[in-house]
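Worksheet for the structure shown next.
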Amino acid sequence: MKILLYNPDNGLTQNFMPHLWMFLLQSLTSPGHEVLLIDGNTRPMTDANPVRFAHAQGIGLVGIGAMTRMIAKAYRVADASRAAGIRVVMGGPHVTEVPDEALGRNGGPRPADAIALGEADETWPRIVADAAAGQLKEVYTPVDAFGQEWKPSLQEYPPIHWESLDLRQFNRIPAFVRPLMSHLGYPWETFHLIPIESGRGCPYGCEFCTVTGFFGDSIRFRTKHSIIDELLRLKARARSTKGQVAVFFVDDKHFWVILFWAPEASTKEVSPVDTIQEAAQYLPIGGAHARGTRVIQITAQMRVLVAIEPVDGRKGIDSLARLCQEKLAEDPFSGCVFVFRSRRGTAIRILTYDGQGYWLAQKRLSKGKFVWWPESDGASKPLEVYEAQLLMAAGDVSRVRAAPMWRRVNALR
């Protein structure tokens, strides 16, 4: 069966890079099926053009993913496809939020034969198999053995074969510019901006953002090895195609860009494995640093200060340091360990300065809340180190007492 994955444009703006979902579903499609891609941002089409393309190619299933800003175009293409007798499955954030709309259950037209709710990593192979067997269901939801909705693990991430994919439509250098670049001596003919993810999910749950609702409030990570392998595939492509490849990490909490270029453009020969593994030490992935665990060690000589009022969980180093100065009336460069609580009481953030720079650590509970928090008429309250350690373990400090401090030890400078 031939499958067309279509990412619509919204008719007004252009995405500066392709959406990852098309390449991921393509890699998840079982052998024996051919998957073709059309991105409306790089190949602008009228509503009827994708249908003509599907007929010409003998497409048996059209998959459309869309956010709200492009859903109008997605529905029009889906309507035209179904009118031409081509089956349509739709998914993405908008369809997940309002599934009845795509199935015509709210009184409007029905643009989709089937819908995929949430992340389709595990439901997509079933959708393809059911479509090939002529047994397409209306709704596909990722659920566990007990029928409960769940999020797929990213530990067994499918390899995306970037080195062999047809990416001509995603080349950011217009065709009429390429001869000019060659004339000016530029050694590369293509430039691709490729999306990669190292994890999904965000714990903050901001009102203006759909990430937490769609991907969940816990962060799931890929393995470093799978990311390194994907980066090596992209580097191999850059070397073999006389092109440049910029990697954009589309993680929900991070912004990362890595640039690979053709070897002719470099004056220094560097091992691609060493280069990428070196970069991978700093990927936003959970776990210890590959060159040794680096942690904040709280010792008896350290001063611990807990902010009484909760703070916005989105605050970073600069915002928290400013809060120390303005609200707590404390010097953030003093080496004091500052502890902050989120408004929901499910996470804490720890800020300290070690003489070279700031450390910022966070702990978010998988279940429950921090049961104890100090009370004070002031903006902050000092804790003994053992109290701070118990607080960080979500314990009840009010129930534990230690021998009083007899003589306080000052930290060596």
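A residue that is under 16 Å from Gly92 (Cα atoms), surrounded by fewer than 20 Cβ atoms within 10 Å (Cβ to Cβ), within 25 Å of the chain's Cα centre (by Cα) and assigned by TED's automatic domain parsing to the domain that holds Pro93 occurs nowhere in the range 25-35. Applying the condition of being among the β-branched types (Val, Ile, Thr) and touching a helix residue (DSSP H, G or I) at 6+ places or on another chain (Cβ under 8 Å) to the range 297-316 and asking which residue is nearest to Trp359 (Cα to Cα) yields Ile298. When you scan the range 40-56, do you find a residue that is assigned to a loop (DSSP other than H, G, I, E, B) and modelled with pLDDT of 95 or more, even just one? No, the range 40-56 contains no residue that is assigned to a loop (DSSP other than H, G, I, E, B) and modelled with pLDDT of 95 or more. Residues in the range 134-192 that are in a loop (DSSP other than H, G, I, E, B), in contact with a helix residue (DSSP H, G or I) (Cβ under 8 Å, 6 or more places away or on another chain) and β-branched (Val, Ile, Thr) were compared, and the one that is farthest from Gly63 (Cα to Cα) is Ile173. For the range 351-372, a tally of residues being more than 20 Å from Gly205 (Cβ to Cβ), of a type outside the set (S, T, N, Q) and either more than 24 Å from the chain's Cα centre (by Cα) or part of a loop (DSSP other than H, G, I, E, B) (or both) returns 8. For Arg172, the test of being of a type in the set (Lys, Arg), under 30 Å from Arg239 (Cα atoms) and within 30 Å of the chain's Cα centre (by Cα) is passed. Contact map, the range 38-66: first residue among the hydroxyl-bearing types (Ser, Thr, Tyr), second residue crowded, with 18+ Cβ neighbours inside 10 Å and assigned to a helix (DSSP H, G or I), Cβ cut-off under 6 Å, separation 6 or more or different chains; pairs are Thr42/Phe170. The test for being in a loop (DSSP other than H, G, I, E, B), at pLDDT below 50 and among the small types (Gly, Ala, Ser) holds for Ala288.
Here the range 1-18 is the region considered, the condition is being surrounded by fewer than 20 Cβ atoms within 10 Å (Cβ to Cβ) and at pLDDT 90 or above, and the residue that is farthest from the chain's Cα centre (by Cα) is Met1. With respect to (1) more than 27 Å from Lys73 (Cα to Cα); (2) β-branched (Val, Ile, Thr); (3) in contact with a helix residue (DSSP H, G or I) (Cβ under 7 Å, 6 or more places away or on another chain), the lone exception for Val88 is condition (1). Residues of the range 59-80 include none that is modelled with pLDDT of 90 or more and either in contact with a Cys (Cβ under 6 Å, 6 or more places away or on another chain) or on the phi > 0 side of the Ramachandran plot (or both).
For first residues located in the range 100-120 and within 25 Å of Phe215 (Cα to Cα), partners that are of a type in the set (Lys, Arg) and modelled with pLDDT under 95 and lie 6+ apart or on another chain with Cβ distances below 7 Å form the pairs Glu119/Lys151. Looking at this structure, is Glu375 surrounded by fewer than 17 Cβ atoms within 10 Å (Cβ to Cβ) and either in the same structural domain as Gly316 (by TED's automatic domain parsing) or under 30 Å from Cys206 (Cβ atoms) (or both)? So Glu375 fits the description; yes. So is Thr210 surrounded by fewer than 16 Cβ atoms within 10 Å (Cβ to Cβ), at negative phi, at pLDDT 85 or above and not assigned by TED's automatic domain parsing to the domain that holds Met17 or not? Spelling it out, it is not the case that Thr210 is surrounded by fewer than 16 Cβ atoms within 10 Å (Cβ to Cβ), at negative phi, at pLDDT 85 or above and not assigned by TED's automatic domain parsing to the domain that holds Met17. One residue stands out in the range 193-236 among those that are among the hydroxyl-bearing types (Ser, Thr, Tyr) and either in a loop (DSSP other than H, G, I, E, B) or closer than 17 Å to Trp21 by Cβ (or both): the one that is nearest to the chain's Cα centre (by Cα), namely Ser198.
Of the residues Ala83, Ala131, Ala116, the single one that is touching a helix residue (DSSP H, G or I) at 6+ places or on another chain (Cβ under 9 Å) and surrounded by fewer than 23 Cβ atoms within 10 Å (Cβ to Cβ) is Ala83. Do the conditions hold for Met90, that is, is it surrounded by fewer than 19 Cβ atoms within 10 Å (Cβ to Cβ) and outside any helix (DSSP H, G or I)? Considered against the rule, which asks whether it is surrounded by fewer than 19 Cβ atoms within 10 Å (Cβ to Cβ) and outside any helix (DSSP H, G or I), Met90 comes out as no.
The values are calculated or read from the model by the stated rules, or taken from the named source; none is laboratory data. Since this is a predicted model, take the numbers as computed values, not measurements. FYI the Cβ positions are ideal-geometry reconstructions off the backbone, even for glycines, and counts take in every protein chain you see.
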